[in-house]
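This is the structure I want to talk about, given as structure tokens.
The values are calculated or read from the model by the stated rules, or taken from the named source; none is laboratory data. Note that the structure is a prediction, hence the values are computed from the model and not measured. A quick note on method: Cβ atoms are made from the backbone with ideal geometry, for glycine too, and the neighbour counts reach across all protein chains shown. These accessible areas exclude ligands, DNA and RNA; they are computed on the full protein's heavy atoms, side chains included. Shrake-Rupley method; radii C 1.70, N 1.55, O 1.52, S 1.80 Å.
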Amino acid sequence: MIHVVRGSSGLWGHGDEPLPRVDVRAFRGACYEAARSIGATVDDVASDGVTSSFHTALITAAGVRFAVLCHEVLPVVAFAASPPQAGAPPVDFVSPPAWAAAFERVGFRLLDVGELSTPLGSADIGELAEAELKQVRYWRPGTVGELMFNWWD
């Protein structure tokens, strides 16, 4: 059973101590290092914005584009076949490519498709804060990936 840790939704409640943020500069640097290692380009690195729980980078190599998603709170990275659409959860997660080791070298854990596509009902969410559980009940994410990479407000 997959254990979902506090902060996975990127949210915390009023009165709760704010969660630490990931180092966006480390994420950006890893994107450029990974791209250099395969002769790719980094098309865009966007901060989490107002309501998303993640940062996004687009890496293109030989006509293939990967969306790299970095959680705003947890030091984890996921990959998707296409850029996320504002307001919609990413649904086309892919396994980390061979060149993803650049992210591990700066302390990010790579998330696999199996983990991200695990139905939320099959995951242990007991460590989530009450504010997170309230949002889960409201938004009803179907998978661990939808919980972690969201546009909730």
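Using Cα atoms only, what is the angle between the long axis of helix 130-139 and the major principal axis of the chain, expressed in degrees (0 to 90) to the nearest 10?
Approximately 80 degrees, to the nearest ten.
Compute the normalised compactness of the range 32-100: alpha-carbon radius of gyration over 2.2 N^0.38 Å, N being the residue count. Walk me through the numbers before you get to the answer.
Numbers: Rg = 11.6 Å, N = 69, 2.2 N^0.38 = 11.0 Å.
That works out to 1.06 for the range 32-100.
What Rg and what Dmax come out for the chain when only alpha-carbon atoms are used, in angstroms?
14.9, 48
Next up: Could you provide, to the nearest whole Å², the per residue accessible area of the range 35-153 with probe 1.4 Å? Before the final figure, lay out the partial values.
On the way: 5510 Å² over 119 residues.
On a per-residue basis, 46 Å².
Calculated from DSSP H runs of 4 or more alone, at -39500 (n - 2.57) each and per residue, what is the 222 nm mean residue ellipticity of the chain, nearest 500? Write down the numbers at each step before the final one.
Details: 5 runs with 39 residues, N = 153.
Value at 222 nm, helices only: -7000 deg cm²/dmol.
Using packing as a proxy for protection, rank 21-27, 65-71 so that the peptide with the highest average count of other Cβ atoms within 10 Å comes first. The partial results should precede the final answer.
Values: 21-27: 15.9, 65-71: 23.4.
Listed from highest to lowest mean packing, they are 65-71, 21-27.
How large, in Å, is the range 90-144 by the Kirkwood hydrodynamic radius built from its alpha-carbon pairs?
On the way: mean 1/r = 0.0763 Å⁻¹.
By the Kirkwood definition, the hydrodynamic radius is 13.1 Å.
Could you tell me what percent of the accessible area of the chain is made up of carbon and sulfur, with a 1.4 Å probe and every protein chain present?
Numbers: 4130 of 7540 Å².
About 55 percent, which is the carbon plus sulfur part of the accessible surface.
Further question on the same structure: Show me the ranking of peptides 119-125, 12-18, 34-40 by mean Cβ neighbours inside 10 Å, starting with the highest. Walk me through the numbers before you get to the answer.
Numbers: 119-125: 13.4, 12-18: 9.4, 34-40: 16.1.
Packing proxy ranking, top to bottom: 34-40, 119-125, 12-18.
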